[in-house]
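Worksheet for the structure shown next.
Please treat every number below as a calculation from the coordinates, not as lab data. If you're wondering where the values come from, they're calculated on a predicted model, not measured in any experiment. Reconstructed Cβ throughout: ideal geometry from the backbone, glycine too, with neighbour counts over all protein chains shown.
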Amino acid sequence: MIDPKDPKLGDIQPDDENASEHVRFSRRLFLGSGAALMGAAGMGLGGSLVSTPAKAAEGHNAVALAPGELDEYYGFWSGGHSGEVRILGVPSMRELMRIPVFNIDSATGWGLTNESKEVLNHKPWLTGDCHHPHMSMTDGKYDGKYVFINDKANSRVARIRCDIMKTDKITEIPNVQAIHGLRVQKVPYTKYVFANAEYRIPHPNDGTGMDAIDKYYTMFSAVDAESMKVAFQVIVDGNLDNTDADYSGKYAFSTCYNTEGAVDLAGSMRLERDHVVIFNIERIEAAIKAGNYQTLPGADDVPVVDGRTGSELTAYVPVPKNPHGMNTAPDGRYAVANGKLSPTVTVLDIQKFDDLFDGKLQPRDVVAAEVEVGLGPLHTAFDNRGNAYTTLFIDSQICKWNLENAIKAYQGEQVEYIVQKLDVHYQPGHNHTTMGETRDADGKWLISLCKFSKDRFLPCGPLHAENDQLIDISGDEMKLVHDGPTYAEPHDCMLVHRSKVKPAKLWTRDDPYFAKTAEMAKQDGVTLEKDNKVIRDGNKVRVYMTSVAPAYGMDRFTVKQGDEVTVVITNLDQIEDVTHGFCVVNHGVQMEIGPQQTASITFKAEQPGVHWYYCNWFCHALHMEMRGRMIVEKA
Ligand code: RUQ
Ligand code: CUA
Ligand code: CA
């Protein structure tokens, strides 16, 4: 990173004639000659001409939360390569919960229990890379049912049930590599989860055709939100980066940074314009219904349609340059593609998409505005007052700009569309406003997810936390109010009013999450809610136990050396917050059993002798005493 006091910083190349005043100013401040994309850290330097240090404007939000007070918003954060999703309270920024998804978690036994392994398709060892958490919607509003999350590392999409806040389905997306952008259909309800695959690959990818780079392709996938099956895939030109959907239910659209179809860095920066590809959902559904699709080897239940240039199922709108974020405004009319290598955002007029698909308009006719906001625009969020907030990665700023004024300025009117620029620390990627990706956008808070924290926290070695900054946007000026360290690059978050989420206090005994285990008990003639029994089935042993604080239903059980042991525990406590655990010492066995939950775990008893098991969640004054002996007899 560069030092702002570095004298070389004054050595700036002549500015682009067409750059607006604030953009030129930003460049002078922040770009050293030859500064690379990653090079120019804001470092809290000045800001831009339009940025004045925010003094608390009238009508700003209260920031501090007294002990015992609850947050107004749930924030769902992706956990990057940690593979998990986290829940933060906003505005306190307190971490409230971690939801393991694509990772192994020893606290809850995720990836260890039989129930979680089932969700993980019995591949708990796979890594994960979560970027984009998005909640299901009905009529363009959060419905509190599910949160969906992508896994770029292993091309998967997962679903979290928002009643129990556990992952309940993971779908491996066939035929593609690296699921990145993910959004939900907003209207009439989330029937589909849209998932972009980023990388172009040969088809079939079987060791043939690897040099025919121009024949590589990637696909856009729609996953059925209820069944979590892939409903269809669409072959596209270029690759796919981020995606969003409209408020009519008809369209989804994705940015592409590699119209060039290159496999190297220089190649993917060659063109001045890449594109946004618009998917006509109605037409795609009709094509599949009419049987106009193919299937690819290895996934013969997934209809694949060809949406490459010339297809009537898609439209390609050229936009500058290596665009990244794709964000629909809550007014439902506009969507913004963020220019990344161009200092511009491109505003698309969704109302013109019908005419574009009917051949009455040319692709660039749907561009309502293309205006400069600053260097390295990556993502845009919205308030409920017609303003957009774009992260400027290179400038290390948030640019607040007015959508209507940007359109007027693009049409040649002399209006200032930039409202304010605020320094953030440092290099923001995503940002997100409270309720901003729904019709309920409320314009209260903005989170800037900064990729670098540099000097903002106590140093903890070479690896730094990222910095998720809380910004009050309720007044006329943005006001930075909190620095929040986060781990392993969260990428993105989503802010949901607490009235939309209704988490369960206890499990219910008929929860499908452990239905398979309940079925096994039934086969064994065991009543989970009362029996404490050991069932032997060859060298397989099933140990059924209850738990009520501070004791298990059995303080010992006996198996033989070499047995495969499955311990099934049903937590009979009916008191909120009384979770038990089960850990067998020296066996890599531990799990969570919430109140009224059944959980199970399977392992081999290889060492004869006495092996203690104990509860791993503090549940009672006698929690230490909640323990027992597994007695393993010599074979
Ligand atoms: S991306 S920094 Cu993975 Cu959402 Cu934009
Ligand atoms: Cu049960 Cu601690
Ligand atoms: Ca490009």
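Which pairs in the list 444/500; 145/444; 117/540 are over 25 Å apart, alpha-carbon to alpha-carbon? None, as every Cα separation is 25 Å or less. Ordering 457, 148 from the fewest to the most neighbouring beta carbons within 10 Å gives 457, 148. Considering only the Cα atoms of the stretch 512-633, their convex hull presents on average a projected area of 6.8 nm².
Take each peptide in 178-185, 160-167, count the other Cβ atoms within 10 Å of every residue, and average; sorted highest first, the result is 178-185, 160-167. In order along the stretch 312-324, the Karplus-derived 3J(HN,Hα) couplings, from 6.51 cos²θ - 1.76 cosθ + 1.60 at θ = phi - 60°, round to 7, 8, 9, 9, 10, 9, x, 9, x, 10, 6, x, 10 Hz, and Gly and Pro are given as x.
For the stretch 86-210, rounded, prolate or oblate, judged on the Cα gyration tensor with a ≥ b ≥ c (square roots of eigenvalues), a/c < 1.5 rounded, else prolate if a/b > b/c? The shape class here is oblate. If you take the charge dipole of the stretch 298-388 about its Cα centre, with +1 on Lys and Arg Cβ and -1 on Asp and Glu Cβ, which of 374, 353, 298 is farthest toward its positive end? Value: 374. Neighbours of residue 168 by Cβ distance under 9 Å: Lys/Arg scored +1, Asp/Glu scored -1, total +4. When DSSP beta bridges are restricted to pairs lying wholly in the stretch 512-633, around 70% turn out antiparallel.
The spread of Cα positions in the stretch 558-599, taken along each principal axis and listed from longest to shortest, comes to 38, 16, 13 Å. Going from the fewest other Cβ atoms within 10 Å to the most, the residues 250, 530 appear in the order 530, 250. Taking the number of Cβ atoms within 10 Å of each Cβ as an exposure proxy, the fewest-first ranking of 444, 540 is 540, 444. Proximity of backbone amide H atoms, modeled 1.01 Å from N, is registered between residue 420 and 400 at under 5 Å, excluding neighbours fewer than 5 places apart on the same chain.
Legend: translational diffusion of the chain by Stokes-Einstein, Rh = Kirkwood radius over C-alpha pairs, 4 °C, 1.567 mPa s; D = 49 µm²/s. Ellipticity at 222 nm from helices only: DSSP H runs of n ≥ 4 in the chain, each -39500 (n - 2.57), divided by the residue count, give -2000 deg cm²/dmol. Taking 28 Å as the limit for the C-alpha separation, the pairs 169/250; 186/516; 533/634 exceed it in the case of 186/516. Taking amide H atoms as placed 1.01 Å from N in the peptide plane, the amide H of residue 371 lies under 5 Å from those of 345, 347, each 5 or more residues away in sequence or on another chain.
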